[in-house]
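**Student:** The structure follows.
The values are calculated or read from the model by the stated rules, or taken from the named source; none is laboratory data. Being a predicted model, the structure only gives us computed values, none of them experimental. All Cβ positions, glycine included, derive from the backbone under ideal geometry; neighbour counts span all protein chains shown. Just the protein is used for accessible areas: all its heavy atoms, side chains included, with ligands, DNA and RNA removed. Shrake-Rupley method; radii C 1.70, N 1.55, O 1.52, S 1.80 Å.
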Amino acid sequence: MNIAVCVKQVPDTETRPKIDPSGKKMSEEGVKWILNPYDEFAVEEALQLVEKNGGEVTVISLGPAAVEPTIRAALAMGAQKAIRIEAEENPADPLVTAKALAEVLKQGNYDLIFFGKQAIDDDYAQVPQMVATALDLPCATVVVKLDIEGEKLTVEREIEGGKEKLSLSMPAVISAQKGLNEPRYRSLKGIMKAKKIPIETVQVELASGQLEIEKVKFPPEKQPGKIVGKGADAVPELVRLLHEEAKVI
Amino acid sequence: MGKFQGVDFYDIDSLLSEEEKLIRDSVREWVEAEVLPIIEEHYQQAKFPLHLVPQMGEMGLLGSNLPEEYGCAEINNVAYGLIMQELERGDSGLRSFASVQGALVMYPIFTWGSEEQKRYWLPRLASGEKIGCFGLTEPDYGSNPGGMKTTAVDDGDAYILNGAKMWITNGSIADVAVVWAKLDGVVRGFLVEKGTPGFSAPEIKNKHSLRASVTSELVFQDCQIPKENILPGTSGLKNALSCLTQARYGIAWGALGAAMACYDEALNYSQTRIQFDRPIASFQLIQDKLVYMLNEITKGQLLVLQLGRLKDQGKMHFAQVSLAKRNNVYHALEIARLARDILAANGISSEYQSMRHMCNLESVKTYEGTHDIHTLIVGEKITGISAFV
């Protein structure tokens, strides 16, 4: 099988975000970068499939040379090839990213294209579906189980209150959700091997963005809790406050 | 408490390669997920987490600076040190396991073993399929190993070992022991396999320290081992001592991991613990302790990083290793004690890790050359006068 996994470099989940002086994005100063956690499920699934069926896994990411450590982190799990699509920075508009990825993906003749279900930085969860549309391929998102029989792909995806089972033809685009598998730990041998794999850099003309971020801001600070009284006598007042002040019931 | 982020006040990360950082972060991730959730219980119950050994093998953490052709990861010595740091952030017992397996068992087999011994043992020890231990110290010969009483006698077809070794990490769980014994008055290394008649390895119980690690005695009573089990390249006590240099190098890094765990815990605790309506971190005496911790961790990091670069260039001297071991372990223990102080009553509870690290570091301070012996090794190096013979 010939599988592509599209990955993104994102700030570590423990980052204490600061807002850039422009007010339009998060400051990158002092940020520790990691492979997007959902992408790890995507890489793991791809690796398991080629371990079972043969073939190879290509990791693809868009961004400046500074994203290469993240590409290496994915390679160190066991992927065989890597492509970086040159871009000065990560586009604010997911459609720009999706078009560029589609441009590169259509040349690779992949049986499956994996993504994480969303990147934990902007949380858009749009690129997999956009890429599938651009390539006119079937797409299953938020996938927690995947089986292949011959040319037929069966997946389970999470939906509100349950699961949905789909069958798709290949090639197809899949976005991975937590639970799909247990990503492996990177081994030292994997890290040493990844060091020797060349990362192919490709140039794609990026479309102009149709979406602009005007402002980012922190959520309002959490207010301290309030004790309205004790025992059954306090219930009417509590109900009133929940209804009128907190407006949650 | 959030995920551990490491301690890096001087942007020391900028002195590490991408690959060194990736190796460190991968081991950190593993320790976070597999070690921290279970280690306290193992410590309390005085059990070594044996189930982690195959995982360590799988990740390539055992003998990781030895060559690929023997199944090892062949990483540089800075990355090796970072692994020791991360393992000891989990527990000194786990790092001790890795130090013994890599530096005291695989290293001597690699350095003085026959090709056959290397081909057989190294891949199995690297994968964790086999476990090793190292027998040098004796009940009456600790700082003075040259006085050892254990002997090997050539009886024509085999070597016959007699004697006893003491304080042997991994002893009771080891498949092979690298044993140092005098053959015609010369210290030589021998491989003694588990189950050899005349060889037993009773565990030393009821320890106050390194409780998540196995410590044993090795007893040899007319223990007959095949001729091919001698390490052919060994020719004196210096071989055993050079193994210790390898292990001490890892200990100097490891101690930093324990110190970081304690500093991180004390810092978090002091920022959230309220007394007199303020977090205790607002008090000058607490800040003084926290700054001491950060100060010594930062100095220790720079010390071992340069030591590692020297080792990679083949320029490291054993007295430099002694200086790093004595400094980093001494301060790690002080940091653990201070962290316990800051945590006050909570510090003695198993909900917190500082006291476990503190108790472990009491051993680390006096094993692999006591603090005082390392002082004298450095003392001899600078004065030219040995103070201990």
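**Student:** If you roll a 1.4 Å probe over the stretch A:115-178 with all protein chains in place, what percent of the accessible area is carbon or sulfur?
**Tutor:** Carbon and sulfur together cover 44 percent of it.
**Student:** Can you check what the net charge comes to around B:L267, using other residues whose Cβ is under 15 Å from the Cβ of B:L267 (Lys, Arg +1; Asp, Glu -1)?
**Tutor:** Here the count lands on -1.
**Student:** Quick check for you: with a 1.4 Å probe and neighbouring chains kept, what is the accessible area per residue of the stretch B:266-389, in Å²?
**Tutor:** Spelled out: the 1.4 Å probe surface of the stretch B:266-389, per residue, equals 51 Å².
**Student:** Output ³J(HN,Hα) for the stretch A:64-70: one whole-Hz value per residue in order, computed from phi by the Karplus curve 6.51 cos²θ - 1.76 cosθ + 1.60 with θ = phi - 60°, and x for Gly and Pro.
**Tutor:** Those phi angles translate into x, 4, 5, 8, 4, x, 6 Hz.
**Student:** Here is a further query. Using a Gaussian network model on chain B with a 10 Å cutoff between Cα atoms, which of B:E115, B:E296, B:E34 fluctuates the most?
**Tutor:** With Cα springs under 10 Å in chain B, the top fluctuation among B:E115, B:E296, B:E34 is at B:E115.
**Student:** Over the Cα atoms of the protein assembly as shown, how large are the radius of gyration and the largest Cα-Cα distance (Dmax), in Å?
**Tutor:** Answer for the protein assembly as shown, Rg first and Dmax second: 28.5, 96 Å.
**Student:** Determine the shape class of the stretch B:238-383: with a ≥ b ≥ c the square roots of the Cα gyration tensor eigenvalues, call it rounded for a/c under 1.5, and otherwise prolate if a/b is greater than b/c, oblate otherwise.
**Tutor:** Here the stretch B:238-383 falls in the prolate category.
**Student:** Scan chain B and note any complete DSSP helix (H) whose C-alpha atoms cover at least 15 Å along its axis and whose Kyte-Doolittle average is -1.0 or more.
**Tutor:** Span-like helices here: B:77-90, B:237-272, B:284-312, B:318-343, B:354-366, B:371-383.
**Student:** With springs connecting C-alpha atoms under 10 Å apart, model chain A as a Gaussian network and identify which of A:F218, A:F114, A:F41 has the largest mean-square fluctuation.
**Tutor:** Largest GNM mean-square fluctuation: A:F218.
**Student:** List the residues whose amide H sits under 5 Å from the amide H of A:K145, counting only those 5 or more places along or on another chain, with H placed 1.01 Å from N in the peptide plane.
**Tutor:** A:E156
**Student:** Sticking with this structure for a sec: About the Cα centre of the protein assembly as shown, how large is the charge dipole given +1 on each Lys and Arg Cβ and -1 on each Asp and Glu Cβ? Please answer in debye to the nearest 20.
**Tutor:** 1340
**Student:** Mind checking the angle between helix A:37-53 and chain A's longest principal axis? C-alpha axes, 0 to 90 degrees, to the nearest 10.
**Tutor:** 30
**Student:** Could I ask something else about it? Compare A:V155, A:V104, A:V235 in a GNM of chain A, Cα atoms joined below 10 Å, and give the one with the largest fluctuation.
**Tutor:** Among A:V155, A:V104, A:V235, the largest GNM mean-square fluctuation belongs to A:V235.
**Student:** Among DSSP beta bridges lying fully in the protein assembly as shown, give the percent that are antiparallel, nearest 5.
**Tutor:** Here the antiparallel bridges make up roughly 60 percent for the protein assembly as shown.
**Student:** I need the shape label for the stretch A:140-214. Rule: rounded when a/c is under 1.5, else prolate if a/b > b/c, else oblate, with a, b, c from the alpha carbon gyration tensor.
**Tutor:** Oblate, since a/c reaches 1.5 and b/c is not below a/b.
**Student:** Cβ under 10 Å from B:H331's Cβ, B:H331 left aside: what net charge do those residues give with Lys, Arg +1 and Asp, Glu -1?
**Tutor:** Spelling it out: positives minus negatives among the neighbours equals 0.
**Student:** Next question, about the same structure. Kindly state, to the nearest 0.05, the FRET efficiency for A:A232 paired with B:I385, given R0 = 56 Å and r defined as their beta-carbon distance.
**Tutor:** E between A:A232 and B:I385, to the nearest 0.05, is 0.10.
**Student:** How would the stretch B:58-149 be classified by its alpha-carbon gyration tensor: rounded, prolate or oblate, with rounded meaning a/c under 1.5 and the a/b versus b/c comparison settling the rest?
**Tutor:** Taking the square roots of the gyration eigenvalues as a ≥ b ≥ c, the stretch B:58-149 is oblate.
**Student:** How many square angstrom of accessible surface are buried between B and A, both sides summed, with a 1.4 Å probe and rounding to 100?
**Tutor:** 1700
**Student:** Net charge around B:N170, counting only other residues with Cβ within less than 13 Å of its Cβ (Lys, Arg = +1; Asp, Glu = -1)?
**Tutor:** +1
**Student:** Could you point to the residue in A:G162, A:A125, A:P37 farthest towards the positive end of the stretch A:2-202's charge dipole, with +1 and -1 charges on the Cβ of Lys/Arg and Asp/Glu respectively?
**Tutor:** Among A:G162, A:A125, A:P37, the one farthest towards the positive end of the dipole of the stretch A:2-202 is A:P37.
**Student:** While we're here: How big is the dipole moment of chain A about its Cα centre under a simple scheme where the beta carbon of each Lys and Arg is +1, that of each Asp and Glu is -1, and everything else is neutral? Debye, nearest 20, please.
**Tutor:** The dipole of chain A has a size of about 660 debye.
**Student:** Between B:E351 and B:L310, what is 0.36 nm times their sequence separation minus the Cα-Cα distance? Round to one decimal in nm.
**Tutor:** Going from the current span to full extension adds 10.8 nm.
**Student:** Do any residues of the stretch B:73-96 show a loss of at least 30 square angstrom of accessible area between the isolated chain and the full protein assembly, using a 1.4 Å probe, and if so which?
**Tutor:** Those are B:A73, which lose 30 Å² or more relative to the chain on its own.
**Student:** Might you tell me the accessible area per residue for the stretch B:34-156, computed with a 1.4 Å probe and given in Å²?
**Tutor:** Result: 34 Å² of accessible area for each residue.
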